[in-house]
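Right, one structure below, let's go through it.
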Amino acid sequence: MLELSILGFLAEQPLHGYELKERIKALSGHVRPVSDGALYPAITRLTKAGLLDQRTEPGASAAPRRILSLTEEGRAELLQRLRHPKPVEISDQVRFNTVLSFLRHLPDRREQAAVLRRRLEFLDAPSSFFYRDGEPVRAEEAGDLFRQGMLRVARATGAAERAWLTEAIEVLDPADGAQSN
């Protein structure tokens with residue numbers, strides 16, 4: 001998720017480390033904050049892999065700043081990661097939001113739709129936070145006000161997300177929507 005965020009934000013424009021950290025924090029920081037101890041080693045890995053370039057500019061008031069930009073190899077890597085998100089990037093809401101944040105960089109609308117289809121398939125599979133005898137527990141069966149609340153909220157947000165995904169897939173790949181009806 002961190003590397004995808006770095007590649008995605010740098011696909012939009014060159015940034016220095018602090019700006020990059022602030023954008024990543026705005027995207028997912030309240031849920032999964034990014035530390036310097038995670039960000040800068042990731043930048044170093046991506047730079048050594050030839051995915052990022054860095055140059056030094058004079059700082060606004062004192063120390064010079066490292067400006068990071070995406071290389072052509074970095075852009076190709078971003079597109080590859082967007083075309084083929086890992087299963088956890090489909091199933092985990094925060095990670096999927098990261099993929100969704102940068103999916104517009106994928107130039108082929110059908111490829112965009114394919115990623116959304118994977119998320120929709122995941123959401124359509126029966127699941128729950130709680131199980132009884134190997135079966136998902138529905139909100140009405142929770143027997144606990146708080147678990148019932150969790151399940152009702154999850155059901156409502158899941159329904160809203162499924163509706164949006166269905167609409168977005170139809171916009172991106174109208175031929176597919178006509179075939180599935």
Legend entry - Per-residue HN-Hα couplings for segment 9-19 [Karplus 6.51, -1.76, 1.60; θ = phi - 60°; Hz; x = Gly/Pro]: 5, 6, 5, 7, 5, x, 9, 8, x, 5, 4
Legend entry - Cut-off under 5 Å, modelled amide H: who pairs with Lys86 long-range: none
Inset, instruction - Could you do me a favour and compute the accessible area per residue for the chain, 1.4 Å probe, result in Å²? - result: 59 Å²
Inset, instruction - Whenever you get a sec, compute what percent of the accessible area on segment 10-143 sits on carbon and sulfur atoms (1.4 Å probe). - result: 51 percent
Legend entry - Rotationally averaged projected area of the chain (alpha carbon convex hull; nm²): 13.7 nm²
Inset, instruction - Under a 10 Å cutoff between Cα atoms, tell me which one of Val115, Val99, Val153 has the largest fluctuation in the Gaussian network model of the chain. - result: Val153
Inset, instruction - Hey, can you grab everything whose amide H is under 5 Å from the amide H of Ile67? Only 5+ residues off in sequence or another chain; H modelled, so Pro and N-termini drop out. - result: Arg55, Thr56, Glu57
Legend entry - Computed helical MRE - 222 nm, the chain, DSSP H runs ≥ 4 contributing -39500 (n - 2.57), nearest 500: -19000 deg cm²/dmol
Legend entry - Hull-based mean projected area of segment 72-158, where the convex hull spans the alpha carbons, in square nanometres: 6.6 nm²
Legend entry - Signed unit charges on C-beta, dipole axis of segment 1-65, positive-most listed residue Leu10, Pro33, Gly50: Pro33
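The values are calculated or read from the model by the stated rules, or taken from the named source; none is laboratory data. Predicted model only: the values in this text are computed from it and were never measured. When we count neighbours, we look across all protein chains shown, and the Cβ atoms used for this are built from the backbone with ideal geometry, even at glycine. Accessible surface is based on the protein model in full, side chains and every heavy atom, while ligands, DNA and RNA are left aside. Shrake-Rupley method; radii C 1.70, N 1.55, O 1.52, S 1.80 Å.
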